[in-house]
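A short worksheet on the structure shown next.
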Amino acid sequence: MTDRIAILGGQLIDGTGRDPIPRAGVIIEGERITAAGPLDSLSVPPGAARVDAEGMTLMPGLIDAHVHITQTGEADLLGMVTRRTFPDVVIDATGHLASTLDAGVTAIRTVGDIGHIDIAARNAVTRGKIRGPRVVAAGRALTSTGGHACIIPHWVQVSYGDISEIVDSPDAARAAVRRQVQAGCDHIKIFQTGGVIDPGGRIEAEEFSDEELRVICATARATMRFVTCHAHNKGGILRAVAAGVRSIEHGMYFDEECAARAVEAGVFLVPTLIVMENILRRGPEAGLPPFMMENVAARTRQHHACVLQAFRAGVKIVTGTDAGSVLTPHGSAGAEVAMLVRAGLPPLEAIKAATQNAAELLKIADQTGTLG
């Protein structure tokens, strides 16, 4: 079997936001794409296998920048954790990686997983031991006592722990970052505000102090990592941006001031619209609690408007699905692209959010994200 493949005749969307190229091709040699562009610009290597792509579209693999590989998408988050043994979690994560790759997603960023399984998964994929996309891994996320993602109550004991580690002081924050680094993480995930799964309107709550945020970001920088920040409300977003995070996740209240500060600081926005859509569409039949439905229903239109406003202000938008979270299956990046279009982004810009922008955010643009 030849290790050279020429895929010829399709239209090419290169992931940069530029117009598609009709009658284009892609040359693959070994495990690398070595050329992409108009047919008349390509030199097909001798002996290459030719694939007729007439009537098809060639484009980079999609990137999902917000994934929990150890979560299954069940409506009952606590039950999802407490009903499974650690081997169950590992097997589930392996299946999620394979289904994600099968959906055309060739890179993911994990944002908080049980037992550092995402770090082990990254290593296994890199070594060719399991099928899956490239993994940019967080290890365990950082939260505060009683904060978002404190899924397991203190009276319930689970031997392998939660997706997050509790941090309640600057010193604890510094140590927690270092523990993730020691485990082999690529970035640090933090929860700075409440979320839609929190009862009592806690989406307005903030978690870390300014000093804790500063220490987290400074320690991450010192160890050559970046910080990924879950934040919904304006205060949490602005304080996180000021502290030096690289991306804001969700951002339901990402207003004009947030956008201006983000552009100035080079901060990305990962809105995760599809998880909110799934809650709205499937929540009633899945038996989600009324408070969760109300949290999402009251804010969805505003969330879409914030995304469009941020895009127009020059914020780089990136696809993220929250795969594994409530009612959101793995491999949903294509659905998130469609949600960005629904929010008002031009289709090619929505694709760019899943390709070039995402690769830049994850610091893997030298490996993936664009063609040509």
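The values are calculated or read from the model by the stated rules, or taken from the named source; none is laboratory data. The structure presented is a predicted model; accordingly, all values stated were derived computationally and were not measured. In this analysis, Cβ positions are derived from the backbone assuming ideal geometry, glycine residues included, and neighbour counts consider all displayed protein chains.
Side notes on the structure shown:
- Residue check for residue 355: under 15 Å from the mean Cα position of the chain (by Cα), at pLDDT 95 or above and of a type in the set (Val, Ile, Thr): yes
- Residue 198 falls short of the stated requirement of being more than 23 Å from residue 307 (Cβ to Cβ), surrounded by fewer than 22 Cβ atoms within 10 Å (Cβ to Cβ) and of a type in the set (D, E, K, R).
- Members of segment 243-260 found to be closer than 20 Å to residue 343 by Cβ and either outside the structural domain of residue 299 (by TED's automatic domain parsing) or buried (at least 20 other Cβ atoms within 10 Å of the Cβ) (or both), listed by number: 247, 248, 249, 250, 251, 252, 253, 254, 258, 259
- One residue stands out among those in segment 310-323 that are assigned to a helix (DSSP H, G or I) and touching a helix residue (DSSP H, G or I) at 6+ places or on another chain (Cβ under 6 Å): the one that is farthest from residue 65 (Cα to Cα), which is 313.
- In segment 201-210, the qualifying residues are those that are in a helix (DSSP H, G or I) and touching a Ser or Thr at 6+ places or on another chain (Cβ under 9 Å), and the one that is modelled with the lowest pLDDT is 202.
- None of 177, 196 is of a type outside the set (Phe, Trp, Tyr), under 20 Å from the mean Cα position of the chain (by Cα) and part of a helix (DSSP H, G or I) except 177.
- The residue list 240, 231, 220 contains one member that is under 15 Å from residue 177 (Cα atoms), touching a residue at least 12 places away in the same chain (Cβ under 8 Å), surrounded by 23 or more Cβ atoms within 10 Å (Cβ to Cβ) and aliphatic (A, V, I, L, M), which is 220.
- Among the residues of segment 1-16, those that are in contact with a Ser or Thr (Cβ under 9 Å, 6 or more places away or on another chain) and in a loop (DSSP other than H, G, I, E, B) comprise 13, 14, 15, 16.
- Flag for residue 65 being of a type outside the set (Val, Ile, Thr), more than 19 Å from residue 136 (Cα to Cα) and touching a residue at least 40 places away in the same chain (Cβ under 8 Å): no
- A single entry from 337, 296, 326 fulfils the requirement of being more than 20 Å from residue 135 (Cβ to Cβ), in contact (Cβ under 8 Å) with a residue 60 or more places away in the chain, part of a loop (DSSP other than H, G, I, E, B) and touching a helix residue (DSSP H, G or I) at 6+ places or on another chain (Cβ under 7 Å): 326.
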